[in-house]
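**Q** My structure is below; once you've seen it, I'll send some questions.
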Amino acid sequence: MNTLNTKFFHSVYLDESLCKGCINCIKRCPTQAIRVRNGKARITSQFCIDCGECVRTCSHHAKKIHIDSLDILNDYTYTVALPAPSMYAQFNNLDDVNILLTALIYLGFDDVFEVGAAAELVSEASRKYVDTHQEQWPFISTACPSVVRLIRVRFPNLIDHLLPILPPVEVAAQLARKRAMAKTGLPADKIGIIFISPCPSKVTYVKSPLGTDHSAVDGVLAVKDVYPLLLPHMKIAEQRPMDLAISGRIGIGWGCSGGEAGGMITDSYLAADGIENVIRVLEDLEDEKFARLQFIELNACSGGCVGGVLNVENPYVAKAKIKRLNKYLPVARTHSEDIPLKIELNWNKAVEYEPVFQIGETVLESINKMKQIDSLCNEFPGLDCGSCGAPSCRALAEDIARGKAEKNDCVYILRNHIHLLSETYSRFSHEAIVDGEDPNACIHMLMNYMDKLTEEIALLDSHNLINTDSDSEEGKHYDD
Amino acid sequence: MEDTIKLEYIVSAEDFTRAGEASSDLKNILKQMGVSPDTVRKVSIAMYEGEINMVIHANGGVITVFVTPKEVTMILKDSGPGIPDIDKAMQAGYSTAPDNIRSLGFGAGMGLPNMKKYSDDMKIETELGVGTTVTMTVRIC
């Protein structure tokens, strides 16, 4: 696996057999990472942040997520399930979290470690860290991997504001692993720590974490895949649930937007959700519009993690359920002094700026390319129609400047080209001078011009939207 | 008395994140004792709201619980600032909770009204600058 692949590993991928080459996902991608080329909507690896918007939008279900199946349990002797807090809100009439946790054991796991419990430890560590590092206020939460990836490629000035504390899933995995090893005496490779995820972003985090070299999570299942399998087990678990729950209001609250900020126990915070809103907040933050805040919680999905694309319940219904679950819970039930196992919660690796959107290698080159882009934009009709396969006219101009596309990809340019052509030939038909001596001169001239015409019209065929079944470089940026 | 169990909880305001633990503990004990789910629910809600109030407003205190076969009595005693206007405090929606804990969902102003609703009997004794004692009784049915 080369470094490009691990640095930009993605769990979101395109199933070409289902892709119709429509322009819905290219328009919705917040980083304009998708282009329709040769009839397929392919993702440019360096720009993708695994937010899952394309998965949400695609009505042909062509955008998929690399995820493990329950078979992964067979790869390990002892398995621990890590349910995400948003998972508790997927079920109707769930009053007691223990029912769900017990059902996970019945499903085949040997043990359960709530990510919500680890979240309370992360909140505790975060409160201390934010208190003692006032010079870096406001801190930006790093629990949502898509947000961290977005900042990494687009907001380098904000990298210093990232809260350098591991996300709850990682803390949960490390604690679960230590606990399992202590309990069973098994070596690390026989123990499977399996996260049940609400989104693709966290799948990518596990394979390619930021802030640490290697994740302690072994496999990831999707909430939507596990949900139907759990229902019958929950019916049985309801009779005699085991006492397994250790998350409080803060831990479970992490599943919704505002929950992580709530755990900071401060009124000097901002919580935003939905990737477009997150981008707006980050833009304003870059312009230093709210330096007085202590903490900024950002979630790529609307509603927070309950809005993750691998969840089944409507995010706002789920939010109401979490509120109900939380109503009479202690503020927190997991505290660092109660946990005998000690792990390091701080990042051990810094996040570095990846200038993937840079146009040129040097400033001079960038200036020239920018000029080229501007002049191209003036030629384009500015309709952002997507026919060229790029989400906007400006995006096509940038692609051309990067050498990834051609001017004729634009249907309007092509149309004008053909108009010009027909004008030329119509003039010719009136003004051509034929050699009277040669009886075949007319025919030769006609053939000459027909050839030229056919050549020009053939340009239409090389247009990107038509499926020519040829392979493309993009979209294949990871090892299976 | 032989048919009474006494439980005592020290509610500390030092670590706000522990607020609600006492009610959680009592709930589990009552469940184990086989008290009816309906009673357990009423007791835990009434106690929870009282406990949170003690942490948020009164800098903690002591909760003493007496359980008999007939009823559960909770005495919540604090040395906090006292309640200046009990009628106002009993109004639904009225809250003096600080901003920093509202993000956790507190401060809706339903604490005292809920305590009254879920207990069969409630008594408030308060003195400004000295403290407040709330006594609630829930009958076991």
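**Q** Determine which lysines satisfy two conditions relative to residue B:31: a Cα distance under 17 Å, and not lying fewer than 8 residues away in the same chain.
**A** B:6, B:42, B:70
**Q** Okay, moving on. Calculate the FRET efficiency for residue A:66 and residue A:357 from the Cβ-Cβ distance with a Förster distance of 25 Å, rounded to the nearest 0.05.
**A** Between residue A:66 and residue A:357 the formula returns 0.50.
**Q** If amide H atoms are built 1.01 Å from N in the plane of the peptide, which residues on other chains or at least 5 residues away come under 5 Å of the amide H of residue A:402?
**A** Amide H neighbours of residue A:402: none.
**Q** Something else now. Helix by helix, which DSSP H runs in chain B go 20 Å or more along their axis at the Cα atoms and have an average Kyte-Doolittle hydropathy of -1.0 or more?
**A** For chain B, where a helix must reach 20 Å along its axis and average at least -1.0, the hits are B:37-58.
**Q** Across chain A, where is the longest run that never hits GluC sites (Glu not before Pro) in a DSSP loop with at most 12 other C-beta atoms within 10 Å?
**A** It works out to A:1-287.
**Q** Rounded to the nearest 0.05, what FRET efficiency is calculated for residue A:284 and residue A:451 with R0 set to 56 Å and r the Cβ-Cβ distance?
**A** 0.45
**Q** Along the charge dipole of the range B:5-139, pointing to its positive end and built from +1/-1 on Cβ of Lys, Arg, Asp and Glu, which listed residue (B:37, B:138, B:57) has its Cα farthest out?
**A** B:37
**Q** Only bridges with both residues in chain A count here: give the DSSP antiparallel percent, nearest 5.
**A** 30 percent
**Q** Using only Cα atoms, tell me the angle between helix A:168-184 and the longest principal axis of chain A; keep it within 0 to 90° and round to the nearest 10.
**A** For helix A:168-184, the angle is close to 50 degrees.
**Q** Now a separate question. Write out the GluC sites (Glu not before Pro) in the range B:60-141 meeting two conditions: DSSP loop, and at most 11 other Cβ atoms within 10 Å of their Cβ.
**A** Counting only loop positions with at most 11 other Cβ atoms within 10 Å, none of the GluC sites (Glu not before Pro) in the range B:60-141 qualifies.
**Q** Sticking with this structure for a sec: Can I get the semi-axes of the range B:1-66's equivalent ellipsoid? Compute them from the C-alpha gyration tensor as square roots of 5 times the eigenvalues, in angstrom, largest first.
**A** Those come to 22, 13, 9 Å.
**Q** Quick one: Karplus J couplings for the range B:128-140, per residue in order, coefficients 6.51, -1.76, 1.60, θ = phi - 60°, nearest Hz, x for Gly and Pro?
**A** 4, x, 10, x, 10, 10, 10, 10, 10, 10, 10, 6, 8
**Q** Still on this structure: Treating only the Cβ atoms of Lys and Arg (+1) and Asp and Glu (-1) as charged, compute the dipole magnitude of the range A:115-183 about its Cα centre; round to the nearest 20 debye.
**A** Result for the range A:115-183 is approximately 400 debye, rounded to the nearest 20.
**Q** So what is the orientation-averaged projected area of the range A:273-322, using the convex hull of its C-alpha atoms, in nm²?
**A** Its Cα hull, projected and averaged over all orientations, spans 4.0 nm².
**Q** Separate question: Taking a threshold of 31 Å on the Cα-Cα distance, which of the pairs A:202/A:321; A:207/A:327; A:63/A:128 fall above it?
**A** Table pairs above 31 Å Cα-Cα are A:207/A:327; A:63/A:128.
**Q** While we're here: From other protein chains only, count the Cβ atoms within 10 Å of every residue's Cβ in A:250-256, then give the mean.
**A** 1
**Q** Also: Sorted from largest down, give the three principal axis spans of the alpha carbons of chain A, whole angstrom values.
**A** Largest first, chain A extends 105, 50, 40 Å along its Cα principal axes.
**Q** I need B:15, A:243 ordered by Cβ neighbour count within 10 Å, fewest first.
**A** With the fewest neighbours first, B:15, A:243 line up as A:243, B:15.
**Q** Using amide H atoms built 1.01 Å from N in the peptide plane, name the residues 5+ places from residue B:131, or on other chains, whose amide H lies under 5 Å from its own.
**A** Distant-sequence amide H within range of residue B:131: B:82.
**Q** I need the per residue convex hull volume for the range A:344-435, using only the alpha carbons, in cubic angstrom as a whole number.
**A** In the range A:344-435, the Cα convex hull volume per residue is 168 Å³.
**Q** Another question, then. Using only Cα atoms, tell me the angle between helix A:145-154 and the longest principal axis of chain A; keep it within 0 to 90° and round to the nearest 10.
**A** It works out to around 40 degrees.
**Q** At q = 0.13, 0.19 Å⁻¹, what base-10 log of I(q)/I(0) does the Debye formula yield for chain B when every alpha carbon is treated as an equal point scatterer in vacuo?
**A** Debye output, listed in q order: -0.52, -1.12.
**Q** Under 26 Å Cα to Cα from residue A:407, which lysines show up? Leave out anything in the same chain fewer than 8 places away.
**A** Straight-distance partners of residue A:407: A:20, A:27, A:40, A:369, A:371, A:452, A:476.
**Q** So if I place +1 on the C-beta of Lys and Arg and -1 on the C-beta of Asp and Glu, and nothing else carries charge, what would the dipole magnitude of the protein assembly as shown be about its Cα centre? I want it in debye, nearest 20.
**A** Rounded to the nearest 20 debye, it is 1580 debye.
**Q** Right, something else. Along the range A:202-207, what does the Karplus equation 6.51 cos²θ - 1.76 cosθ + 1.60 (θ = phi - 60°) give for ³J(HN,Hα), rounded to whole Hz, x for Gly and Pro?
**A** In residue order, the calculated couplings are 6, 5, 5, 4, 5, 7 Hz.
**Q** Here's something else I'd like to know. Of A:245, A:303, A:315, whose Cα points farthest to the positive end of the dipole of the range A:231-318 (charges on the beta-carbon: +1 Lys, Arg; -1 Asp, Glu; origin at the Cα centre)?
**A** The listed residue farthest towards the positive side: A:245.
**Q** Compute the acute angle (0 to 90°) between the alpha-carbon long axis of helix A:363-379 and the principal axis of greatest extent of the alpha-carbon atoms of chain A; round to the nearest 10°.
**A** Value to nearest ten degrees: 60.
**Q** Quick query: amide H of residue A:37 versus all other amide H atoms, modeled in the peptide plane; which residues come in under 5 Å with a sequence gap of 5 or more or a different chain?
**A** For residue A:37, the qualifying residues are A:42.
**Q** Can I ask one more? Which ³J(HN,Hα) values, rounded to whole Hz and listed in residue order, are derived for the range A:103-120 from phi using the Karplus coefficients 6.51, -1.76 and 1.60 in 6.51 cos²θ - 1.76 cosθ + 1.60 with θ = phi - 60°, glycine and proline given as x?
**A** Values per residue, Gly and Pro as x: 4, 5, 5, 4, 5, x, 7, 8, 7, 10, 10, 5, 5, x, 5, 5, 4, 5 Hz.
**Q** Taking the Cβ of each residue in A:113, A:8 as the centre, tally the other Cβ atoms inside 10 Å and list the residues starting with the fewest.
**A** Ordered from fewest to most neighbouring Cβ atoms within 10 Å, A:113, A:8 come out as A:8, A:113.
Only the coordinates and a few stated rules stand behind these numbers; no lab work does. The model shown is predicted, which means the values in this text are computed figures rather than measured ones. Methodologically, a virtual Cβ is constructed for each residue, glycine included, from the backbone with ideal geometry; neighbour enumeration extends over all protein chains shown.
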